[in-house]
Amino acid sequence: MIEPNNGQALSKTQDARPRYTGERLLRERPKIYRQVVRLLGEGWSANKICKWCHVTRETVRAIERREAVEISERKKSIIGILGNVAELGASRMEETIGKAGLRDAAIGTGIAVDKMLALTGQLPSVQIAVVMPTPEERAELRAVDAKLDAIAARLRAAAPRDAGA
C-alpha cells in the first residue's frame, strides 16, 4: 500500500477517474452547456457533439444524465412540431398533385418524417425482394450467352489482321 507524506494510508476505494457532472462546464461556459443540451435534444450523437462543442464524451454523457428530463421534454416538443410539419406537408402534397410545388412539398415532408422517426428511435421500413431465376430461365440465359459468344468469335475471326504486327 502506498502511503502519503502525512503517514495515513490511501484508500483503495477511491476512484482515480474524475466524476463528470457537467457542473464545471455550466459554470465556466454556460452557452456551450446549453448548446450540448439542445443538441442532445435534437438527437445528435455524443461523438458529433464532442467535436462540435469541444468537450469530452464523458462531459456530454454527464450532461445527458443531468438534463435527462429537459432533453426528453425537448425531444417530445420537437417530435410534435415535426409531426405537424409532416401532416401539413402531406396535405400540401395532396393539394398540389400535378403542380410545380409538389417536389418541394415532397422533399419537406420526407425530411420531417425521417427526422420524426429518428427522434422516436424508429427506422424507416425497407423491403428488399431478391428474385432468383428458375432453372428454365437459367437455361435460357446460358443459351443467349452461348449465342453471343459465338457471334463475338465470328467477329474476331473475320476482323482483318494488322499487317504491321
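Checking the conditions here, which among LYS51, LYS147 is closer than 30 Å to PRO30 by Cα and either modelled with pLDDT of 80 or more or exposed (fewer than 10 other Cβ atoms within 10 Å of the Cβ) (or both)? Explain how you work it out, then say what you get.
Working: LYS147 fails: closer than 30 Å to PRO30 by Cα.
Among LYS51, LYS147, only LYS51 is closer than 30 Å to PRO30 by Cα and either modelled with pLDDT of 80 or more or exposed (fewer than 10 other Cβ atoms within 10 Å of the Cβ) (or both).
Table: residues versus (1) crowded, with 16+ Cβ neighbours inside 10 Å; (2) within 12 Å of LEU40 (Cα to Cα); (3) of a type outside the set (Ser, Thr, Tyr).
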residue	(1), (2), (3)
VAL55	yes, no, yes
GLU64	yes, yes, yes
GLU67	yes, yes, yes
GLU70	no, yes, yes
LYS75	yes, yes, yes
LEU82	yes, no, yes
ALA86	yes, no, yes
GLY89	yes, no, yes
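Does ALA152 fit the bill of being of a type outside the set (Asp, Glu), assigned to a helix (DSSP H, G or I) and modelled with pLDDT under 90?
On the way: of a type outside the set (Asp, Glu): yes; assigned to a helix (DSSP H, G or I): yes; modelled with pLDDT under 90: no.
So ALA152 does not fit the description; no.
Please go through the stretch 32-51 and pick out each residue that is assigned to a helix (DSSP H, G or I) and hydrophobic (A, V, I, L, M, F, W, C). First the steps, then the outcome.
Restricting attention to the stretch 32-51, the residues satisfying the condition of being assigned to a helix (DSSP H, G or I) are 32-41, 46-51.
Residues satisfying the conditions are ILE32, VAL36, VAL37, LEU39, LEU40, ALA46, ILE49, CYS50.
Candidates in the stretch 1-48 are the residues that are under 14 Å from ALA68 (Cα atoms) and hydroxyl-bearing (Ser, Thr, Tyr); of these, the one that is modelled with the highest pLDDT is TYR33. Return yes or no: is VAL69 assigned to a helix (DSSP H, G or I) and aliphatic (A, V, I, L, M)? For VAL69, the condition - assigned to a helix (DSSP H, G or I) and aliphatic (A, V, I, L, M) - is met.
The values are calculated or read from the model by the stated rules, or taken from the named source; none is laboratory data. Quick caveat, the model's predicted, so the values are computed rather than measured. Ideal geometry is used to build each Cβ from the backbone, glycine not excepted, and the neighbour counts take in all protein chains shown.
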